[in-house]
Structures are given as C-alpha cells and as structure tokens.
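Take a look at the structure set out below.
None of the figures in this text is laboratory data; all of them are computed from the coordinates on show. Just so we're clear, the structure is a prediction, and the values are computed from it rather than from any experiment. No Cβ is skipped: glycine too gets one built from the backbone with ideal geometry, and neighbour counts run over all protein chains shown.
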Amino acid sequence: MTTRLGHFVLIGLLWLSATALATRPVTADETCQSPFLPKVTGQEDYVYVWTLGIAGVGDGNDSLVTVDAHPTSKTYGQIIHRIAVPGRHEAHHAGFTDDRRYLWAGGLDDSYIFVFDVGLDPARPRLIKTITSFVKDTGGLVGPHTFYALPGRMLISALSNAQDNSGRTGLAEYANDGKFIRAIWMPKEAPYGYDVRVNVNLNRMLTSSFTGKRNYMRPFGELSKDAEAMKAFGDSIVVWDFHSRKPLQILRVPGAPLELRWALLPHHYYAFTGTALTHQLVVIYRKEDGTWATKNIADTGENIPVDLSLAPDDSKVYVNSFLDGTLRVYDVSNPFEGKLIEQVKLGEMANMVSESWDGARVYATNSLLSQWDKRSDYWLKAYAWENGKLVPKFTTDFNAVGRPHIMNFGSKTMRVASHPRSHPARSPAAHASTR
Amino acid sequence: MPAPADLQDRTEFAKLDRRRATRQRRIAIAASLVLVCAAPVSVDAGARDSADPDDAYVRGVFSPQFIPPAVGTYELPVIRRVPPFVLLEAGRPVSTQVLTAGKIAVMSFIYTACSDRLGCPLATRAMSELQTRLLEGGLQERVVLLSISLDPGRDTPTHLATYARHFKANRLLWHFLTAPSEGDLRRMLAAYGQDREPIADERGRFTGRFRHVLKVFVLDAAARIRNIYSSGFLVPQVVVNDIKTLLTSDATGMK
C-alpha cells in the first residue's frame, strides 16, 4: 500500500513538473523555449539579438547584441553591449543550454557554432568557444538552425548537406561541453529539415522543413524566378518518438512549414506551424487513435509568414510576415479556427517575433537571410498590450550594427557567482575540443 | 511513412487507451495529495522575479501520455565520460569507482534542505520508486543508486542517514554521499555538467538554498553518462527500460 501510495505521489509530482516545465520551453521567445530550460517568467532585463554583419558597416562581423529591455532602466531600449565574432557566417538562430548558462548561436553559411557565456555577466555575454567542425562531426550536415536544450545536451536541426547543398539533412546532438554525440538523418520520404520541438508529456518530437543551402544562400529575387529551384522546398512535418529518436509518421504540409510551437497547457495535444510559400497557419493535432493530422486554420495572405510566437495560455498565435512587414495576431482559442484579432505594420519587412512569458510584451526584428532581405532599415521593435491593442514601446536602431535576427531573453537573476567552476579557463565548455 | 512504424504508434496508443481509465483514477488521487503537500512550499528555481505563474498550469490530469519504447529498440549514445571521485558515506571515504564497479549507476545531486517541489524531492521520490522497481525486477545486483549532496557543509552523515531512512533506502542498493570538501564537490559538478548556484537574499546573504537544474544521470559500467533525465521526463519506467537496454546492449555507446 505504501509503495502504491508513493507511486501515486510520484506521478503527481511528475504531473506538476511536466505541466510546469512544459511552460518552461526557448527558441526565439520565452513561450517556445525547450521544456528542459528554466524560463524568465517576469520582466526580462535583456534581449540578446544574434545579428548578421554587413560589409562596410562597423567591423562587418556577426555579433551578439544585448538590448536593455527593462522599462525602469536608464538605457531602456538601447544597445548596451555587443560582442562580435570574427567574420560573417549567416548568423541565424540561437538557443540556451538546459541550465541557461550558455547561448549557442549558429551560422547557416559555414556551419560555425558560437558558444556564449551569459551567466557570468548577463548584460555582457562572452564568447567562450567556437565549434568549427559541425559538418565533419555530423558526416555532412550543413546549416545548424534550431538550438534546442535537452538535459546535458543540445539538439540541433540542420538545413542542408555538404554533398550537394540540397535540403536533405538531419539532426545533431552535442553534449553541453561541445563534444559531438550523434547525427540522425531525416527519413528518405521527408528529407528536409528546419525546426525541432519536443513535447515531453507525449514523448513526441516534431520536425519541419525548409530548403537547402543552394536556395537559402541565393538572392531571393533570382531564386523566386527559378521555377525548378522553387520546387526544392520541403512539404512535410515528421512526428518522432522523442526517446528513441525514431520517426513515426510523416504529415504532408505543402509550402515549407517552418517554425513549430507546441501548445503549452496540459490537455492541449497540438502544435502550430506556418507555411512560408502557401501562407497558411496550420494546426498539427493528435487524433483519437493516437496518430497525427493537420488542418489549415487561417490564410495569412501572400506575404511569406516566417516566425510564430504562442501566447502562454495557448489563446493567441503571433505571426510575422516577411514580405509585407506585418505582425498579425490570431485568436486560436479554438485551435481549429484562427481568427485575426490584431495586426501591426512593423516596417518594410519583418522576421522574428518573441513574446514575454507573461504575455504582456512582444518584440520583433526584421532580418530574414542576408540574400533575401529587402533594402530597409534594420531594427528591433518592442510592443506591449494596452486595452486590447499592441502599443509601440521602443525601437532600437540596428543600422550601425547589422541585420538583427533571433531574440532570446536574459535576466539578472541568472547571474552565476564567479567561483572557480565559472571561470572560463576552468569551465568544462572552455576546455572542450572542437575536433 | 513506413507502415510498421505507424502501426507501432497506433498500437501504442491503443494500449494507452485501455490503461487510461485506470490511470486517471489513480492520478486523481495523486493530484489531490500533491496539491495538499505542495501548497506551502516555495519554488526556488532561478529566473523568477515575479509571482510564479506555474500554478496556473497545475490543472487537468497529467500522466506521461506514452508507453516508453521497448527495451533494446533504441540507442543510448555516450554523452560524456566522468572520472571517479572519492566521496564520504557515513563519514567514511569511498570511491565511486568501487561503488559502481561493473554496474549501471543512477545518480542524482540533491540537498536535504531543498524545498523546490520540482527539484530534489522529486528526484529522491523518483529514486525511491526506481529502487522498488529494481528490487521487484531482481536487478539490485546489477544497478546502484547514488544520491550526492549539493550541500556538504550541512548534509552531515547523520543528516543524510535520516533522509535515507525517510525514503526507505536499501543500504546495499542506494547510497547517500557527500563530497569531502567544497572544492571536491565543484570538481565533480563540473565533470557531470551539473549547475549549482547559491541563492542570496536582497542583502547578499546566503539563504541556504541553491538554484540548480534537476538532473538524474544514468552511467554504464564504464562510467560513461548514457542518459540524463530532468523534471517532466523523470519517468521510472523509462529509466528501467534504459537500464535494461544498457544491460542487454554491447554498451559501446556508438563511440
């Protein structure tokens, strides 16, 4: 009886932890972070922006930029720190390790991975390691995209491969100390890759699909006129058994489904994605028999929807569209029907959108890819909900810095003490070889 | 999609449906217990500078909505290798190399004063449940459980022994250990990649609590970490399956 009671209590504790940690996820924004990660639940102090360098602008290098996001700060809305990495690598996405101590940031062109320490001084991240061997380590994966924390590891989805620069690709895992663990190629029936997200309660992992390096590093105006090249975009979502990392089901979702966002509440067995080329907001849901299906729930218009952010109560999805530079907010209280409830013209183009955990603030940046961006100003813009409308709070000018891409939130409370373990010279991450 | 995998998935959920009714009855009881137990306990996980909204998500019925993949059907690659450490058990030095020789080790870092209901209490409760399953499965000779204190200054041998008794630890299977010094503990934490930060109050004084991510490690007989579980995925049946997978595989870890 005692054992059984203990079993019940353990299940209850797991229930608490899973429901809580399902809300502790990060890629771009707080509500979509990995479930294995502590989350910033209150006012974020900083927004870290992984930024593409521009030739002739400043030092021209890619950089991690810290923007002060605390409203009571004297430097609110301003760039307070920038750490450049040598060269331009097509800076794109970044994600924290499971202890939120380190931020891994990738380059889609040469597949370099930069590891920043954001714990010693959260306002002033430091570059502690560069992994230059991603292609060699993984047996030919190219373009590290999503950096997703697993316990003690980083799960990385790639976009392409070194053999032909097509969209055939896979996933890679690295230990937090930077050592390569394994690569898993996408199934032949669904070879493309883009995002990767885990639902721990369901033991399910989703991957989405984009295109290969020969497309994403090609000028968009030229690419869009090449009918043959435009056929080489992914049309699939793969449902995986997370624990075994084995594919279970392939869902056909035409038009390059990009960002994946699992619903956060315990009984919500669904996720959202947006298709860049067919401009659909799509729900991916579990059917009664345990298999998965998709349904288009809103047409965002012919404007290349790119990033998504999900409200913490699963009630709203934010969609940034690249071509018309507009943020659209859909009510998805009924996940099978998206209703447009708000839209904001951000600028000539828009890309990433990140919502705070409390649902009160939204940040956006506007660079997509160096070869796809329009001629435009570069910025980070902050909005807040007031009386049911998104109201502008500040605009941070990036024109003297570069093209702002993904945003991750920082907090002073994540500062670590400067004891020997934290010292870069003795850090396990600093000691790891890069092969 | 290859039909067998899809079929496997459907079969898995068919099994799940049959078990769901029974499980939900159990969980309804468990949920009540946990809410009562957890209500007065504060959460000391990091990065929380406002009222914790997690309780807003403590609703509905949670159960791991999956059947773990079958033993031996998946790989557990090496995540990292760890060196042996000399620790103290009941005040006497003992090497982890000796404790774990030829066995699968399940290890967690905890401290007895931890009040985070999703932290050390969860890890130790899971270890207790795991101990029961290992004994039931006759695996006690092939597995060892290690709970290592994050707070060697306050977790004295007497303190740890009381804690172990509370969880009915089998002394031959489950060991509660401390590091001989703070420096030794830091080296061990670095080797395992386990974070630990003292939490200070508004005046900078140590509160006696630590911020840390809950991690439970599974090591093979060669002292290589083969899996790490965190809150939300610390499911005893998954751990048991991983142990059996390691015992039945060649334990090469792909490397």
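In nm², what is the average projected area of the convex hull enclosing the Cα atoms of segment B:131-255?
Details: hull surface 37.8 nm².
Computing the convex hull of the Cα atoms and averaging its projections yields 9.4 nm².
Would you please put A:386-397, B:120-131 in order of how densely packed they are, using the mean number of other Cβ atoms within 10 angstrom per residue and starting with the highest? Could you put the intermediate results ahead of the total?
Values: A:386-397: 12.9, B:120-131: 23.2.
Sorting A:386-397, B:120-131 by mean packing, highest first, produces B:120-131, A:386-397.
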All-pairs alpha carbon distance profile, segment A:111-255, 10 Å steps from 0, percent: 11, 38, 32, 16, 2
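About its Cα centre, how strong a charge dipole does chain A have in debye, to the nearest 20, once Lys and Arg get +1 and Asp and Glu get -1 at the Cβ?
On the way: 47 positive and 44 negative charges, 211 e Å.
Here the size comes out at about 1020 debye.
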Listed residues A:Met154, A:Met230, A:Met349, most fluctuating in chain A (Gaussian network, C-alpha, under 10 Å): A:Met230
Only Lys, Arg (+1) and Asp, Glu (-1) charged, at Cβ; segment A:194-240 dipole about Cα centre in debye: 120 debye
Averaged over B:213-225, number of beta-carbon atoms from partner chains that fall within 10 Å: 2
Furthest towards positive pole of dipole, A:Ser354, A:Ser411, A:Ala232, structure part chain A, Cβ charges: A:Ser411
Reduced Cα scattering model of segment A:151-211, Debye log10 I(q)/I(0), q = 0.27 Å⁻¹: -1.14
Reach of A:Lys374 by Cα under 14 Å, taken over aspartates and glutamates that are not fewer than 8 positions away in the same chain: A:Glu222, A:Asp324, A:Glu348
Cross-link pairs A:Lys74/A:Lys316; A:Lys136/A:Lys231; A:Lys136/A:Lys188; A:Lys179/B:Lys103; A:Lys287/B:Lys215; A:Lys316/A:Lys389 - those with Cα-Cα distance over 23 Å: A:Lys74/A:Lys316; A:Lys136/A:Lys231; A:Lys179/B:Lys103; A:Lys287/B:Lys215
Lys/Arg +1, Asp/Glu -1 at C-beta; chain A dipole; positive extreme among A:Thr365, A:Val142, A:Phe398: A:Val142
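I'm a student and want to see the number: the projected area of the Cα convex hull of segment A:343-392, averaged over all directions, in nm². Please report the intermediate quantities before stating the final value.
Details: hull surface 14.8 nm².
Average of the hull's projected areas for segment A:343-392 equals 3.7 nm².
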Most to least packed among A:351-358, A:123-130 [average Cβ atoms within 10 Å]: A:351-358, A:123-130
Mean Cα-pair separation over length for segment A:110-162, i.e. relative contact order, pairs under 8 Å, 6 or more apart, %: 29 percent
Listed peptides A:238-250, A:316-328 by packing density, highest first (mean Cβ within 10 Å): A:316-328, A:238-250
Vicinal HN-Hα couplings computed from phi for segment B:114-128 (Karplus, 6.51 cos²θ - 1.76 cosθ + 1.60; Hz; Gly/Pro x): 5, 10, 6, 4, 9, x, 4, x, 5, 4, 6, 4, 5, 5, 4
Distance in nm between pseudo-label sites at B:Asn170 and A:Arg126 (7 Å out along the Cβ direction from Cα): 4.7 nm
Test item: Cα-centred dipole of segment A:333-417, Lys/Arg +1 and Asp/Glu -1 on Cβ, debye: 200 debye
Rounded FRET efficiency, nearest 0.05, which uses the C-beta distance separating A:Lys295 from A:Asp226 and R0 of 41 Å: 0.85
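Tell me the Kirkwood hydrodynamic radius of chain A in angstroms, computed as one over the mean inverse distance between distinct C-alpha pairs.
Values: mean 1/r = 0.0465 Å⁻¹.
Roughly 21.5 Å, rounded to one decimal.
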Compactness index (Cα Rg / 2.2 N^0.38 Å), segment A:74-188: 1.10
Debye intensity ratio in log₁₀ form over the Cα atoms of segment A:179-270, taken at each q of 0.12, 0.16 Å⁻¹: -0.44, -0.72
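Take every residue in peptide A:244-253, count the Cβ atoms of other chains within 10 Å of its Cβ, and give the average of those counts. Before the final figure, lay out each step's value.
On the way: counts 8, 4, 7, 4, 9, 6, 4, 1, 0, 0.
That average works out to 4.
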In order through segment A:104-116: 3J(HN,Hα) via Karplus (6.51 cos²θ - 1.76 cosθ + 1.60), integer Hz, x for Gly, Pro: 9, 10, x, x, 6, 7, 9, 6, 6, 10, 10, 10, 10
Cα-based convex hull volume of segment B:89-194 per residue, rounded to whole Å³: 99 Å³
For chain A: relative contact order, % (alpha-carbon pairs under 8 angstrom, 6 or more apart): 15 percent
Number of partner chain Cβ atoms within 10 Å, mean per residue of B:232-239: 6
